[in-house]
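Data first, discussion second: the structure below is written as structure tokens.
The values are calculated or read from the model by the stated rules, or taken from the named source; none is laboratory data. What you see is a predicted model, and the numbers here were worked out from it, not measured in a lab. Heads up, the Cβs are rebuilt from the backbone with ideal geometry, glycines too, and the neighbour counts pull from every protein chain shown. Each accessible area value is taken on the protein alone, full model and side chains, heavy atoms only, with ligands, DNA and RNA left out. Shrake-Rupley method; radii C 1.70, N 1.55, O 1.52, S 1.80 Å.
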Amino acid sequence: VDEYNANEVTSETASSSTVLIQIPAAIKIKSITTEKNSASIGQEGFDLFVEIENLGGAKAEIDEISFKIKNSNGVDISNSFAEVRKNSEVNSVNGGKTVIFGFDMSIADSVSKGEITIDATCNGRDSNNDLEISDDGADAVKKITLQTPAKLSIQSVVATALKASTGQSNLEVSVTITNQGEAKALMTSVPLIFSLSNVPVTGQYIQTPSS
């Protein structure tokens, strides 16, 4: 009733709201991958990728991804590795989606060479109800081989002739180099150093690598 004119007041419609009911978030570590199947002991910046899928409908907030690393004897050597997230601004996986999380791995100098197995665990929360969710192992773990770092050693430097003339342009010099490590060494240059009576004269010579 209107308090001023005593007329009856009625409402024909009621306010309402719509709530989306979603399947709870459920995370699964699908795979762990690397760009290479080998790494050097003591290496920094080894790329590692973890693929996480959300099997539910609600968004999954990712709180932590940690690694379980074992050697070929099954001994846990996780403490010999340190990781830094690449895409640290990405901290969630939408329902029904998959996100790849990248890491820069550092490998301790003290770890032993040989094959290792990399697995991971993931902890997070359902964004709707804040309940904890997790996965304690990847569907596809990654195996890589740890190798001793490449180490170059110059074995010999040999010229095709024992004498050369001033202005000569066809003197060939061969350099024999061995790699005393296990990791492949990528050669960028092999500059020769010239001296005359212990005085450096390298600048007087033009060096052209042979094909």
Within the under-10-Å Cβ sphere about GLU53, not counting GLU53, Lys/Arg +1 and Asp/Glu -1 give a net charge of 0
Residue of VAL111, VAL175, VAL99 that the Gaussian network model of the chain assigns the largest fluctuation, springs spanning Cα pairs under 10 Å: VAL175
Within the under-11-Å Cβ sphere about ASP126, not counting ASP126, Lys/Arg +1 and Asp/Glu -1 give a net charge of -1
If one builds a Gaussian network model of the chain from Cα atoms under 10 Å apart, the most fluctuating residue listed among SER127, SER153, SER165 is SER165
Proximal charge balance of ALA108 [Cβ under 14 Å; K/R count +1, D/E count -1]: -3
Accessible area of the chain divided out per residue, in Å², using a probe of 1.4 angstrom: 70
For LYS151, go through the aspartates and glutamates and keep the ones whose alpha-carbon is under 14 Å away, minus same-chain ones fewer than eight residues off. GLU182
LEU55, LEU162, LEU48, LEU192, ranked by accessible area, largest first (probe 1.4 Å): LEU162, LEU55, LEU192, LEU48
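Taking all protein chains in place and a 1.4 Å probe, what share, in percent, of the accessible surface of the chain do carbon and sulfur account for? Don't skip to the end; give the middle numbers.
Values: 7000 of 14680 Å².
Within the chain, the accessible surface is 48 percent carbon and sulfur.
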If one puts a single equal scatterer on every Cα of the stretch 59-151 and applies the Debye formula without solvent, what log₁₀ I(q)/I(0) results at q = 0.18, 0.24 Å⁻¹? -0.89, -1.29
Among ASP130, ASP104, ASP119, whose mean-square fluctuation peaks in a Gaussian network model of the chain (Cα, cutoff 10 Å)? ASP130
Starting from the eigenvalues of the Cα gyration tensor, five times each then square-rooted, give me the equivalent ellipsoid semi-axes of the stretch 168-211, largest first, whole Å. 25, 14, 9
Take the alpha carbon atoms of the stretch 143-189, find their center, do the same for the stretch 41-107, and report the distance between the two centers in whole angstrom. 39
Can you spot the lysines whose alpha carbon is less than 26 Å from LYS28's alpha carbon? Ignore those fewer than 8 places along the same chain. LYS36, LYS59, LYS68, LYS70, LYS86, LYS97, LYS142, LYS143
Show me the ranking of peptides 63-69, 154-160 by mean Cβ neighbours inside 10 Å, starting with the highest. 63-69, 154-160
What figure in square angstrom, to the nearest 10, would you give for the accessible area of THR145 with a 1.4 Å probe? 60
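Would you calculate the volume per residue, in Å³, of the smallest convex hull containing every Cα atom of the chain?
Details: hull volume 59.8 nm³, N = 211.
Residue-normalised Cα hull volume stands at 284 Å³.
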Just the number, please: percent antiparallel of the DSSP beta bridges in the chain, rounded to the nearest 5. 95
